[in-house]
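Taking it in order: structure first as structure tokens, then the write-up.
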Amino acid sequence: MKTEISIQKLSTPTVRTNLLKLSYLFGIAVITSLFLLQELSLNKFLSGTLISFVLLFMLYRDIMRYKPAYLNNYSMLLLLSLMIIGTLMAGRIFSYFLINLMKGLGTADTGIAIYGIPIATGAMLVALLFDFHTAITFSFTVSLLTGYWLDESFFPIYTFVGSLTAAFSVIRCKKRSALLRGGLYVILANTCLVIIFLISKGELFTEKAPAAIVFAVFSGITVAATVALTLPLFEYLFKVTTDISLLELLDLNQPLMKMLMINAPGTYHHSVIVGSLVESAAETVGVNPLLARVSSYYHDIGKAKMPEYFVENQSGAPNKHDKLTPHMSSMIIINHVKEGVELANQYKLPQPLIDIIKQHHGTAVLTYFFQKAKDMGHDTAPGEEDYRYPGPRPQTRVAALVMMADAVEAASKVLNDPTPARIAALVEKIINHIFLEGQLDECELTLKDISEIKKRFIYILTGIMHKRIDYPGFDFGNGNSHKEPAKIDRPKLA
């Protein structure tokens, strides 16, 4: 009986998945060990494989603890593996060429050429494509592996500090030109460390010093150049959304942005305000403010297909829905989500944005048209499912923020006298309704997060909807744009 139970436990999907991941990890360790060999030796190969497996297992456990989403995304897992193998492979290639360059120049001591190896490239790419925490663990792992490969006690310190500097320099990187600044920081870090190492060896005032500093500068330049060249390729191949690519989507010359501004100016204005609300609350709940803002700008792009059916674009024209049945009206309104997803796929928007377009209404019911259908008094009562968005509910905190900001901004338009108290009451009512409907059940927001979100929304809306003093000589309430003061003689035209 005990044997049968143990076999059943080993056959569970979770155990099988973990065994597959460990097998994959061991395979990466075997490949990694090939780049650590200085000479063909079975003992060196076995020891290199075991050391690589131990270090990679530590990296795996850290990711499992702090970033488990990467382990469930096989594309990202493959990308991280390529970062490790690619960094070591590039290190071997640069090492080969730099050492042979030194030999060609007739230099007896070729050891200083290792300071030109751009190991920090991997850490900078990981910080951009993954996150800073993963870049730290990656830097630690790769630094120890390169130290084992070169059998040089100083080199792991050199690569670790350089890699950390590279990762630090691209936190919240929003321009590709920032990569050049990152390369400059790596140059400074490398140069300082090389000088320290030369002092420790008593070689600061020897002929080695200038060459070592040149190699340190070369390493930083190579890091910036390599990242600038390879980052767009990795973004495209692995469908990774970085802050740089997100910022490019905010360009008003983007085709979708142009379409929304021209076809549905009311929706565009609504999206900008939603972006302000979401961005203000993003930091408080620990999400990327730039992703939140860009998602808000694109969440309603489906309305650009039939803008005249949405109230914010009607500009006083007769309401198109007056001539339609409630069910037909609800189908048109609900369809803007599907249209938005199709446009997003057509223009190749990043997957996180497509997911938010799908989820920003969750499974909410179009209460206006549902109530209108019930009030018509037909023999058969209308089904609630016919007036419900298809969902899914928000799966991420960003999607939940967009949902709440979208509802709050739309509802704020009905306030006749938007005092701070009324705005606060509106925000409370709308967000509480979304919460009680269960729309936030599948994202990671806590009650504390929701409370902070309300505060930020109230603050931003109060600022947007503030009152201004009357302008002397103008009357904006009676339809005349200008009220002429009395007793002013106007010049007569000849």
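Of (i) 57, 32, 18; (ii) 42, 39, 24; (iii) 51, 39, 23, which one was derived for semi-axes √(5λ) of the Cα gyration tensor in Å from the structure shown?
(i)
Where only protein heavy atoms count, and the probe is 1.4 Å, what is the accessible area per residue for segment 364-468 in Å²?
Details: 6090 Å² over 105 residues.
In whole numbers, segment 364-468 has 58 Å² accessible per residue.
For segment 286-345, what % of the accessible area comes from carbon and sulfur atoms, probe 1.4 Å?
Working: 1440 of 2590 Å².
Whole-percent figure for carbon plus sulfur exposure: 56.
With a 1.4 Å probe and all protein chains left in place, how much accessible area per residue does segment 52-133 have, in Å²?
Working: 3670 Å² over 82 residues.
Per residue, segment 52-133 has 45 Å² of solvent-accessible surface.
Find which of V15, A120, A209 sits farthest along the positive direction of the dipole of the chain, computed with +1 on the beta-carbon of Lys and Arg, -1 on that of Asp and Glu, about the Cα centre.
Highest projection toward the positive end goes to A209.
Straight-line reach from K374: which aspartates and glutamates have Cα under 13 Å away, leaving out those fewer than 8 places along the same chain?
Partners within reach: E384, D386.
Calculate the dipole size of segment 60-149 relative to its Cα centre from +1 charges on Lys and Arg beta carbons and -1 charges on Asp and Glu beta carbons; express the result in debye to the nearest 20.
Details: 5 positive and 3 negative charges, 27 e Å.
It comes to approximately 140 debye.
Just name one of M102, T146, G391: the one whose Cα is farthest towards the positive end of the charge dipole of the chain (beta-carbon charges, Lys/Arg +1, Asp/Glu -1).
M102
Would you mind checking the tilt of helix 155-169 against the longest principal axis of the Cα atoms of the chain, expressed as 0 to 90 degrees and rounded to 10?
With both axes taken from Cα atoms, the answer is about 10 degrees.
What is the chain's relative contact order, in percent, from Cα pairs under 8 angstrom and six or more apart in sequence?
Working: 594 pairs, mean separation 46.5, N = 494.
Relative contact order of the chain: 9 percent.
Compute the accessible area per residue over segment 208-291, keeping the other protein chains in place, probe 1.4 Å, unit Å².
Details: 3460 Å² over 84 residues.
With the other protein chains kept in place, segment 208-291 gives 41 Å² per residue.
Can you compute the charge dipole magnitude of segment 78-206 about its Cα centre, using +1 on each Lys and Arg Cβ and -1 on each Asp and Glu Cβ, nothing else charged? Give it in debye, rounded to the nearest 20. Could you put the intermediate results ahead of the total?
Working: 8 positive and 5 negative charges, 115 e Å.
That gives a dipole near 560 debye.
Given the pairs K103/K208; K338/K429; K303/K448; K258/K305; K175/K455; K175/K448, which span a C-alpha to C-alpha distance of over 23 angstrom in this model?
Details: K103/K208 14 Å; K338/K429 28 Å; K303/K448 33 Å; K258/K305 13 Å; K175/K455 31 Å; K175/K448 33 Å.
In this structure, K338/K429; K303/K448; K175/K455; K175/K448 exceed 23 Å between Cα atoms.
Hey, if you put +1 on the Cβ of every Lys and Arg and -1 on every Asp and Glu Cβ in the chain, which of Q254, I301, G111 ends up farthest toward the positive end of that dipole?
G111
Taking the Cα centroid of segment 83-106 and of segment 284-337, what is the distance between the two, rounded to the nearest whole Å?
Centre-to-centre distance over Cα atoms comes out at 56 Å.
Could you work out how far helix 120-129 tilts from the main Cα principal axis of the chain, as a 0 to 90 degree angle to the nearest 10?
20
What percentage of the solvent-accessible surface of segment 391-448, computed with a 1.4 Å probe over protein heavy atoms, is contributed by carbon and sulfur atoms? Provide the component values of the computation, followed by the final result.
Working: 1670 of 2940 Å².
Solvent-exposed carbon and sulfur of segment 391-448 make up 57 percent of the total.
Could you give the angle, 0 to 90 degrees to the nearest 10, between helix 132-150's Cα long axis and the longest principal axis of the Cα atoms of the chain?
The helix 132-150 is inclined about 10 degrees to the chain.
Pop out the carbon and sulfur fraction of the accessible area of segment 40-158 as a percent, whole number, probe 1.4 Å. Can you show the working numbers first?
Details: 3700 of 5420 Å².
Carbon with sulfur: 68 percent of the solvent-accessible area.
The values are calculated or read from the model by the stated rules, or taken from the named source; none is laboratory data. Bear in mind that the values here come from a model prediction, so they are computed numbers and not experimental data. For neighbour counting, all protein chains shown are included, and Cβ atoms are generated from backbone atoms with ideal geometry for every residue, glycine included. Just so you know, the surface numbers come from the protein's heavy atoms only, side chains and all, with ligands and any DNA or RNA stripped out. Shrake-Rupley method; radii C 1.70, N 1.55, O 1.52, S 1.80 Å.
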